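The values are calculated or read from the model by the stated rules, or taken from the named source; none is laboratory data. On a predicted model such as this, the values are computed, not experimentally measured, just so you know. Here the Cβ is made from the backbone with ideal geometry for all residues, glycine too, and neighbour counts use every protein chain on show. SASA here: full protein model, heavy atoms, side chains in, ligands and nucleic acids out. Shrake-Rupley method; radii C 1.70, N 1.55, O 1.52, S 1.80 Å.
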Amino acid sequence: MTDVRYPFTAIVGMADLRLGLLLNAVSPAVGGVLVRGEKGTAKSTMVRALAGLLPSIATVDDCRFACDPAAPDPQCPDGPHAAPSASERPSQLVELPVGVTEDRIVGSLDLERALAEGVKAYEPGLLARAHRGVLYIDEVNLLQDHVVDLLLDAAAMGRSYVEREGVSVRHAARFLLVGTMNPEEGELRPQLLDRFGLTVEIAATRDPVERAEVVRRRLAYDADPAGFAARFAAEERALAERITTARELLPAVELTDVALRQITAVCAAFEVDGLRADIVMARTAVALAAWDGRTEVLEEDVRRAARLALPHRRRRNPFDAPGLDEEQLDRTLEEHSRQDDPEPEGDGPGPDGDGGPDGGPEDGGPDGGPDGGGPDGGGAPEPSDGDPEASAPEASAPETPATEGADAPAQPPVPAQHPTPARESAPVAAGDPYRTRLFTVKGTGHGAQGRRSPAETTGGHTIRARRPQGALARLHLTATLQAAAPHQAARGRSGRALLLRKDDFREQVRQGRESNLVLFVVDASGSMAARQRMTAVKGAVLSLLMDAYQRRDKIGMITFRGAGAELALPPTSSVEVGAARLESLPTGGRTPLAAGLLRAHEVLRVERLRDPDRRPLLVVVTDGRATGGRDALAQSQRAAALFAAQGTASVVLDCESGPVRLGLARTLAGLLGGTTVSLDELRPEGVASLVRENRSTSRPTSRSENRSTNHSANRSANRATTTMRKAA
């Protein structure tokens with residue numbers, strides 16, 4: 001491994017990402033940047049390279065919390081700093097690993113001093129190291145929820161509060177937050193998403209010439225890191241000087257009333273929540289002006305600030321891709337571009353849609369990119385370089401049809417693998433995906449960390465202490481000290497250090513969330529194709545697939561129709577394949593429900609052998625009918641009883657529709673020992689409306705009405721059983 005970083009100016013293309021990072025270097029108050037993109041696009045390389053460009057900072061000597069000697073933190077644990085001596089050091093780049101624990105982030109009791117000296121001392125965490133520097137989170141969307149909460153609090157308040165293991169500490173924690181993520185692996189919680197000032201969408205270039213230059217430079221760096229870095233040393237120095245110059249110019253930049261009105265008008269037009277977007281856009285526009293060497297914010301600065309600050313904040317459906325309507329942006333800017341406008345709204349006919357000053361790409365790019373997105377060898381960044389958006393239009397904000405979701409790669413229809421039988425219906429497109437209810441497995445598991453069911457995990461909150469079960473992995477210090485304290489006199493303790501024995505040690509028991517195996521059993525028979533139900537059913541299953549993938553679950557899919565069942569998707573972590581198989585799924589034929597359940601039982605049996613700690617969740621998508629074969633109803637009942645006997649968690653998605661319903665899916669759920677959810681109840685808002693409706697219409701029911709209802713239900717069940725036996 002080499003300690004020589006890949007030069008920032010040696011990275012080919014990605015002008016938007018370069019601009020977003022540099023603007024945060026000029027004005028850390030912008031609030032950080034979130035980098036969204038596919039794997040293998042040098043996201044991490046560019047973020048790490050940024051640290052070498054940041055100016056050095058002055059710190060109080062021997063202060064572990066990087067206090068500024070000009071304004072020391074009055075609550076610094078190493079303070080008070082009276083007449084402190086100071087020195088300069090490079091800005092810190094602190095990387096937050098995906099599996100980081102809570103005590104590593106905020107700090108904890110210094111174990112060595114506590115056990116050896118008997119004193120209570122605080123050991124700072126990563127937030128203390130990141131103060132006045134950069135906190136870099138690779139794969140930020142894979143963080144555990146409790147870790148996200150800690151980061152949210154620190155980023156919002158600029159301070160870290162530590163209350164754990166008898167330690168009560170507060171210290172400053174202001175940092176530039178930079179995160180990278182692959183959207184295919186799930187989205188961020190809205191609260192964390194909004195904390196990032198800017199967002200940038202990137203994708204690998206499809207130009208063979210540029211790709212060749214990327215490979216050429218990487219091979220040259222791997223062969224001789226120091227020599228490669230020396231080739232770009234002049235460009236690195238020039239870019240670092242430009243950052244310093246822009247920082248010095250920043251306080252002199254004027255945000256005019258016209259520019260401010262444009263900023264607030266754009267935020268209102270795109271219906272972003274809260275006022276953070278307005279503030280971030282204003283700071284970004286000011287930073288853009290300083291980066292270009294100007295002291296006044298122009299309309300072009302507002303336009304580019306909107307493209308960076310608003311895509312991840314605009315109000316949209318859960319699975320919509322981030323992005324902005326460029327025509328709407330240009331119209332809003334033009335409507336509010338006049339200084340002396342007597343009307344709060346435009347007083348003339350609407351704009352013609354041409355947008356900004358020339359309706360085309362911007363004239364000057366403030367990205368500071370080394371080669372303007374081109375492959376020709378990285379010249380020094382200059383204020384007159386090409387426009388960042390024009391250099392890589394595909395990577396900025398890919399267009400997405402209105403019916404597609406942000407993480408729904410399977411929307412384009414995939415052709416069927418086999419000819420469609422004569423009695424089968426052609427595949428129908430899935431409905432729009434949406435957020436679904438959360439279904440969990442009861443009890444506490446021990447599976448891999450995820451976001452679905454409660455489990456004892458290596459992360460999460462510490463809920464209690466216990467004697468070690470095997471090798472000691474996570475020491476619970478407080479419980480260990482409490483266990484050892486009563487025996488110190490008997491053990492002959494003479495100094496401050498504690499005398500510990502093996503029986504004194506306690507380990508932490510932490511509770512978090514685990515991932516599960518979500519196995520879908522989908523009815524694709526002719527009864528599901530009636531009344532165009534399959535579009536809604538596929539939309540529901542696609543939504544559940546999205547939910548399972550974002551919660552880090554493994555997923556599998558079994559379909560049954562005609563003469564038997566098919567394992568359409570073996571258990572995997574790829575939702576793309578499952579969505580594609582669902583999209584191309586035809587319907588038709590009889591309903592071999594028993595075959596589908598038996599195939600699911602066999603799949604779960606094999607998966608228990610492969611991964612015994614991963615608990616399964618069975619999701620059966622059907623209207624409950626069972627036809628085909630001899631005694632189909634009895635066979636399906638016996639198959640359902642197998643899952644109930646093993647205690648497999650199950651959910652039946654009832655797809656029955658129409659004014660007369662037989663309730664067969666509910667009966668199946670009872671045999672499985674699971675729950676029933678209708679298509680309407682799958683959406684969280686659907687459940688809320690049902691609860692409100694039930695509360696508003698509830699009234700006492702007479703005994704005669706109860707008898708009438710029970711008799712009616714019994715008659716419906718008897719008719720359903722008779723119908724199914726005749727069909728079988």
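What number of residues within region 609-632 are of a type outside the set (A, V, I, L, M), open to solvent by 10 Å² or more (accessible area, probe 1.4 Å) and more than 18 Å from L569 (Cβ to Cβ)?
Residues in region 609-632 being of a type outside the set (A, V, I, L, M), open to solvent by 10 Å² or more (accessible area, probe 1.4 Å) and more than 18 Å from L569 (Cβ to Cβ): 9 in total.
If I filter region 677-699 for residues that are assigned to a loop (DSSP other than H, G, I, E, B), buried (at least 18 other Cβ atoms within 10 Å of the Cβ) and at pLDDT 90 or above, do I get at least one hit?
Within region 677-699 (the criterion being assigned to a loop (DSSP other than H, G, I, E, B), buried (at least 18 other Cβ atoms within 10 Å of the Cβ) and at pLDDT 90 or above), the answer is no, since none of the residues qualifies.
For R491, indicate whether it is in contact (Cβ under 8 Å) with a residue 24 or more places away in the chain and either farther than 21 Å from E102 by Cβ or open to solvent by less than 40 Å² (accessible area, probe 1.4 Å) (or both).
Against the criterion (in contact (Cβ under 8 Å) with a residue 24 or more places away in the chain and either farther than 21 Å from E102 by Cβ or open to solvent by less than 40 Å² (accessible area, probe 1.4 Å) (or both)), R491 does not qualify.
For region 504-529, which residues satisfy the criterion of being within 21 Å of A429 (Cβ to Cβ), surrounded by fewer than 23 Cβ atoms within 10 Å (Cβ to Cβ) and within 26 Å of the chain's Cα centre (by Cα)?
Listed by number, the list is empty, since nothing qualifies.
Residues that are small (G, A, S) and part of a helix (DSSP H, G or I): does region 653-668 have at least one?
yes
Is region 460-468 home to any residue that is part of a loop (DSSP other than H, G, I, E, B) and modelled with pLDDT of 75 or more?
Yes, region 460-468 contains at least one residue that is part of a loop (DSSP other than H, G, I, E, B) and modelled with pLDDT of 75 or more.
So how many residues does region 77-102 have that are open to solvent by 40 Å² or more (accessible area, probe 1.4 Å) and outside any loop (DSSP other than H, G, I, E, B)?
6
Can you name the residue in region 530-549 that is open to solvent by 30 Å² or more (accessible area, probe 1.4 Å) and touching a residue at least 60 places away in the same chain (Cβ under 8 Å) and is also nearest to V441 (Cα to Cα) among such residues?
By that ranking, first place goes to Y549.
When region 131-160 is examined, which residues are found to be open to solvent by 10 Å² or more (accessible area, probe 1.4 Å) and in a helix (DSSP H, G or I)?
The answer is L142, D145, H146, D149, L150, L152, D153, A155, A156, M157.
Can you tell me which residue within region 596-628, out of those that are under 19 Å from T444 (Cα atoms) and in a loop (DSSP other than H, G, I, E, B), is farthest from the chain's Cα centre (by Cα)?
P612
For F439, work out the one condition from (1) at pLDDT 80 or above; (2) under 30 Å from L109 (Cβ atoms); (3) not aliphatic (A, V, I, L, M) it doesn't fulfil.
Only one criterion in (1) at pLDDT 80 or above; (2) under 30 Å from L109 (Cβ atoms); (3) not aliphatic (A, V, I, L, M) is unmet by F439, namely (2).
List every residue pair whose Cβ atoms lie under 7 Å apart, where the two residues are 6 or more positions apart in sequence or sit on different chains, the first residue falls within region 272-297 and is in a strand (DSSP E or B), and the second residue, located anywhere, is open to solvent by 30 Å² or more (accessible area, probe 1.4 Å) and of a type in the set (D, E).
The qualifying pairs are E296/E254.
Among the numbered criteria (1) open to solvent by 20 Å² or more (accessible area, probe 1.4 Å); (2) over 30 Å from V577 (Cα atoms); (3) modelled with pLDDT under 90, which single criterion is violated by A229?
Of everything listed in (1) open to solvent by 20 Å² or more (accessible area, probe 1.4 Å); (2) over 30 Å from V577 (Cα atoms); (3) modelled with pLDDT under 90, A229 misses just condition (3).
Open to solvent by 40 Å² or more (accessible area, probe 1.4 Å), part of a helix (DSSP H, G or I), of a type in the set (D, E, K, R) and out of contact with any Phe, Trp or Tyr (no Cβ under 6 Å at 6 or more places or on another chain): which single residue out of R242, R216 fits that description?
Residue meeting the stated conditions: R216.
Name the pairs: first residue in region 238-249 and more than 17 Å from F8 (Cβ to Cβ), second residue assigned to a helix (DSSP H, G or I), Cβ to Cβ under 6 Å, at least 6 apart or on different chains?
Within 6 Å, the pairs are L249/A290.
I'm trying to understand the selection: among the residues of region 586-604, which are of a type in the set (A, V, I, L, M, F, W, C) and touching a Ser or Thr at 6+ places or on another chain (Cβ under 6 Å)?
Selection gives L593, A594.
For A70, which of the numbered conditions (1) buried (at least 19 other Cβ atoms within 10 Å of the Cβ); (2) out of contact with any Pro (no Cβ under 8 Å at 6 or more places or on another chain) fails to hold?
The failed condition is (1).
When you look at R605, is it open to solvent by 50 Å² or more (accessible area, probe 1.4 Å), in contact with a Lys or Arg (Cβ under 7 Å, 6 or more places away or on another chain) and more than 25 Å from M534 (Cα to Cα), yes or no?
Taking the combined requirement at face value, the residue does not satisfy it.
Answer yes or no: is there a residue in region 11-22 that is assigned to a loop (DSSP other than H, G, I, E, B), closer than 24 Å to V286 by Cβ, open to solvent by less than 10 Å² (accessible area, probe 1.4 Å) and among the small types (G, A, S).
no
Filtering region 103-122 down to residues that are among the acidic types (D, E) and either surrounded by fewer than 18 Cβ atoms within 10 Å (Cβ to Cβ) or in a loop (DSSP other than H, G, I, E, B) (or both), which residue is modelled with the highest pLDDT?
D110
Among (1) modelled with pLDDT under 90; (2) surrounded by fewer than 17 Cβ atoms within 10 Å (Cβ to Cβ); (3) out of contact with any Leu (no Cβ under 8 Å at 6 or more places or on another chain), which single condition is G647 missing?
Every listed condition holds for G647 apart from (1).
In this structure, is Y221 of a type in the set (F, W, Y), within 23 Å of the chain's Cα centre (by Cα) and open to solvent by less than 40 Å² (accessible area, probe 1.4 Å)?
Considered against the rule, which asks whether it is of a type in the set (F, W, Y), within 23 Å of the chain's Cα centre (by Cα) and open to solvent by less than 40 Å² (accessible area, probe 1.4 Å), Y221 comes out as no.
Report, by residue number, each residue of region 251-262 that is part of a helix (DSSP H, G or I) and either open to solvent by 40 Å² or more (accessible area, probe 1.4 Å) or touching a His at 6+ places or on another chain (Cβ under 9 Å) (or both).
The answer is P251, A252, D257, V258, L260, R261, Q262.
So which pairs qualify, if the first residue must be in region 27-46 and assigned to a helix (DSSP H, G or I), the second must be aromatic (F, W, Y) and open to solvent by 10 Å² or more (accessible area, probe 1.4 Å), the Cβ gap must be under 8 Å, and the two must be at least 6 apart or on different chains?
So the pair list comes out as T45/Y6.
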